[in-house]
Amino acid sequence: MSQLEQYYKSRKKRFFTITLLLTMILTATLLLSLSVGSVNIGVDEAFLALTGYVQNRTLSYIVLNIRLPRTLASILIGASLAISGVLIQNVTRNALAEPFLLGLSSGALAFIALAILLIPSIIFSIHYVSIVAFIGAILAFTLTLMLSEAVGGSATSLILAGIAVSSGFSGISSFLAFVVQARLNRPFLILLLGSLAQILDVHVLVLGFTFTLGFTISLTLAKRLNAVIFGDEHSLQLGYNPKITRLISSLLAALLTSVSVAVAGIIGFIGLVIPHMARLLMGNDNRFVIPLSALLGSILLCLSDIFVRIASGGLAIGEIPVGAVTSAFGAPFFAYLLVAKVRS
């Protein structure tokens, strides 16, 4: 066995060990999420309700019909945003890139608000809302790339262009969200900071389908993404078309982001922080980074939602937006990466 084969075998062993550990942590986090809320439920009771071995119908209803959809949504959205971050960072070859900073999230929400304002009945169809969000995300990402190229095309210009586009769409979505909430008398402004308080079963189904599709295709693109990192010439030498790789990856990132925004609003910085955490654990090989990012993103957003419910328990003003929690730890991390990038 060659040294390269031995190295890859050791990396696979490390990957499986880390994956097993993260899966156990995610399982524990899921059970904890099912037990946290306005009604105190033990972790053991939540597990019994999940497996159908509990006699208390009220407890079973709370766990299965209220908390389980929300928990699954947090897991799927966290994983989707994390994978979207991996894809965008590879496509742009920029470690600072992520859906929120490049305007995809804001573009998606702005188009959702505009569509609801023009066709109010669309709010009742997550499928149509997701399609509209996808169009908005694609448009915002395209504008970011065009603006970045116009001012030099550097890594820093991409982030600045993304912030400009994101700010523009955020302003539009804030105005439209205020109008939508006033006209339809429905809570919409909360989506500007992300919320998991209004999750339905159909949302989980749509998220599950989108994540499965995105995760599967992303894994098949892993080797191509590894090649793209080293430039178009290297990618072509390996027999991969870098333009097709970037196009498919960009569409996947937009799809995963837009559906997440359609369900829960804007939840920032998961796509920035999580890929870096995955690379710290396993290096830059996307065959390992993509699945680890999915697990880490799931754990992070689920824990953030648990924190939201615990912290909001004693507040009379309602529930804290989960996006505010992710931004609270994500913004300092972004500042650290930005300073490190400039110094290097």
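Things worth noting here:
- For the chain, the 222 nm mean residue ellipticity estimated from helices alone, with every DSSP H stretch of n ≥ 4 adding -39500 (n - 2.57) and the total spread over all residues, rounds to -26000 deg cm²/dmol.
- Separation in nanometres of the label points that stand 7 Å from Cα toward Cβ, at Y336 and T19: 2.8
- Equivalent-ellipsoid semi-axes of the range 47-172, from the Cα gyration tensor, Å, largest first: 37, 20, 9
- Net charge over other residues, Cβ less than 12 angstrom from the Cβ of P120 (K, R count +1; D, E count -1): +2
- Here the relative contact order of the range 69-343, from alpha carbon pairs under 8 Å that lie six or more residues apart, stands at 33 percent.
- Placing +1 on the Cβ of every Lys and Arg and -1 on the Cβ of every Asp and Glu, with nothing else charged, gives the range 1-153 a dipole about its Cα centre of roughly 420 debye.
- Neighbour-count order for L205, L81, L255, fewest beta carbons within 10 angstrom listed first: L205, L255, L81
- For the range 5-124: relative contact order, % (alpha-carbon pairs under 8 angstrom, 6 or more apart): 12
- Helices assigned as whole DSSP H runs in the chain whose Cα atoms extend at least 24 Å along their own long axis and whose mean Kyte-Doolittle hydropathy is 1.6 or higher are found at 126-150.
- Relative contact order (%) - the range 1-69, alpha-carbon pairs under 8 angstrom, separation at least six: 21
- Centre-to-centre, using Cα atoms only, the range 66-105 and the range 230-286 are separated by 9 Å.
- Dipole of the range 69-343 computed with +1 at Lys/Arg Cβ and -1 at Asp/Glu Cβ about the Cα centre; of L192, A79, H127, farthest Cα towards the positive end is A79.
- The residues E149, E45, when put in order of fewest to most other Cβ atoms within 10 Å, stand as E149, E45.
- As a proxy for reagent exposure, ranking H203, H234 by other Cβ atoms within 10 Å from fewest up yields H234, H203.
- Springs join every pair of Cα atoms under 10 Å in this Gaussian network model of the chain, and among T71, T245, T144 the largest mean-square fluctuation is at T245.
- Local electrostatic count at T58 - Lys and Arg +1, Asp and Glu -1, tallied over other residues with Cβ under 15 Å: +1
- 5 angstrom amide H check on R93, placed H, neighbours 5+ away: none
Quick note: the coordinates plus some simple rules give every number you see, no bench work behind them. All of these numbers come straight from a predicted model, not from anything done at the bench. In this analysis, Cβ positions are derived from the backbone assuming ideal geometry, glycine residues included, and neighbour counts consider all displayed protein chains.
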